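One structure is given below, encoded as structure tokens.
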Amino acid sequence: MKVTVVRAGGVAGMVLTVEVDTGELDADATAQLTGLVDACEFPDVPPAATKGRADTFDYELAVEREDGAVRRARFGQGAAPPGADALVTWVLDGPHGHRRIGR
Amino acid sequence: MSDVSGTLTAVISCRCEIAPPSLLLRVAERGGRDARDAALRTLLVSAALRSRRTALGATLRRFGLSPADLEFLPAQAPATGPENTVYDAAGGEEEALPGRRVRGTDDPPTGDAAVDQAFDGAAATATFYREVFGRDSIDGRGLDLVSSVHFRRRYDNAFWTGDQMVYGDGGGGVFVPGGLTRSLAVIAHELTHGVTQFSAGLEYRGQSGALNESFSDVFGVLVEHRAGYVDAASASWLVGEGILDPSLGGALRNMIAPGTAYSGDDQPADMDAYADLPADDDPRNDNGGVHINSGIPNRAFAEAARTLGGRAWETVGPIWYEVLTGGRLAPTADFAACAALTVTVAGERYGESSAQQDAVRGGWEAVKVRLPADPR
Ligand SMILES: [Zn+2]
């Protein structure tokens, strides 16, 4: 399973992409990530946007399963669907991700 | 809001006793429709009648109103100046805002650098707008300055919520720890988003959004220039110098040479390199390139200021301020409309064909934004 978080905007206007692949994780981290993914909702209709607020962050979260199925959610800061904030924080702030700055 | 304004005007003219806000909020939330309306009106009056307007934003938000709905109320006496208050969010999220009050207008420094820098930066920005442009705080009506620091953990951002400032601690890989409050240009950039909200109201998408970003960079840098006695010729024209993680580069933006501030900086230096991105829900597209194409009007300003030399906040700054706040710039204005207006205002202020107007023209010509034909 591969989880990718894109965080863009902010006062810097930079695009940060962080990717975590369970193939590179130990059993503990894999279990944590799987738990967070299972608890995350991917609504068909995105939650009420915070678009129009200057310099807040905007996010894209994508989960690619082993069978190739991809689920994706896009949301603004403070409008994450249930479970998404915890998953995004784990990926962005944890030690497991491959980080890249750029569009 | 017209019926509310009528009622408010009537109520303000009497001197009613006002029930505690907490009680009124309960009535407003749980009462029937009439009770709710009455409680809401009273709440707004009580908030508006206070000499200080801290927390008004939260009350308004709760009822889906905007500060513009209170425009009809009399402005605060400018002599009092805005209250300046800093709160500690203690790592909390949006629900925790503003947090615990840690420093008020007349309080001494706390020793917490983030608190004291947010306090000083807000004060310096309000002083700049008052002394240079005669503007009474962010909204021109004495709006209290509210800042929250220590937002979330290692948060690499600072933003204006629509009624207050919020600062993360940095240290998440993009900003150095403490970097976001250390830069006066960043603080003034964010507070200027408030000025824009209460004046031109530039829509945060496409070219109007890039102008919104650019006005924040322009006045962010001018606040720093004035505080440090920097003149246009010797200025670095960098926004947020020395606060990025050193692995990324030296600054957030370079106004005179857009695209060179950090590794990965993709700001265009002129219209030939304009990034034509859709304003969609893909975060990579930055609401249609608001932080990308802002490099173009940023450079137009910097070129004009450099041509004139001296104090940019006294030369080109007043032209840009009149354009932003004078009521003639549409919320959906594009670069060409903004450019044409700066030329008009330069002519009104300094005379047609003045050195100042020529410098402004030259700035836009340098970035290849089309101007109306020069009548000469
Ligand atoms: Zn901004």
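How big is the dipole moment of the range B:298-376 about its Cα centre under a simple scheme where the beta carbon of each Lys and Arg is +1, that of each Asp and Glu is -1, and everything else is neutral? Debye, nearest 20, please.
On the way: 9 positive and 9 negative charges, 32 e Å.
Roughly 160 debye, rounded to the nearest 20.
The H on the amide N of B:M165, modeled in the peptide plane, is under 5 Å from the matching H of B:V146, B:S147, B:S148, each at least 5 residues off or on a different chain. Considering Cα pairs under 8 angstrom that are at least six residues apart, work out the relative contact order of the range B:84-182 and quote it in whole percent. Dividing the mean separation by the residue count of the range B:84-182 yields 28 percent.
Using alpha carbons only, how many degrees (0 to 90, rounded to 10) separate the axis of helix A:84-93 from the longest principal axis of chain A? So the helix axis and the longest Cα principal axis differ by about 80 degrees. Placing a pseudo-label 7 Å from each Cα along the Cα-to-Cβ vector at B:R101 and A:R100 gives an inter-label distance of 4.9 nm. For the range B:72-178, the list of GluC sites (Glu not before Pro) that fall in a loop by DSSP and count at most 14 other C-beta atoms within 10 angstrom reads B:E93. Note: relative contact order over the range B:167-293, using C-alpha pairs below 8 Å and six or more positions apart, is 24 percent. A DSSP coil position with no more than 16 other Cβ atoms inside 10 Å describes the following GluC sites (Glu not before Pro) in the range A:1-102: A:E41, A:E66. Shown for B:T332, B:T161, B:T181, B:T307: other C-beta atoms within 10 Å of each C-beta, ranked fewest to most, produce the order B:T332, B:T307, B:T161, B:T181.
The range B:213-266 and the range B:308-376 have Cα centres spaced 21 Å apart.
What the phi angles of the range B:302-310 give under the Karplus curve with 6.51, -1.76 and 1.60, with θ = phi - 60°, is a coupling list of 4, 5, 4, 5, 5, 4, 7, x, x Hz, glycine and proline written as x.
Quick note: the coordinates plus some simple rules give every number you see, no bench work behind them. Computed from a prediction, not measured in an experiment: that's the story for all the values here. We place every Cβ from the backbone using ideal geometry, glycine too, and count neighbours over all the protein chains shown.
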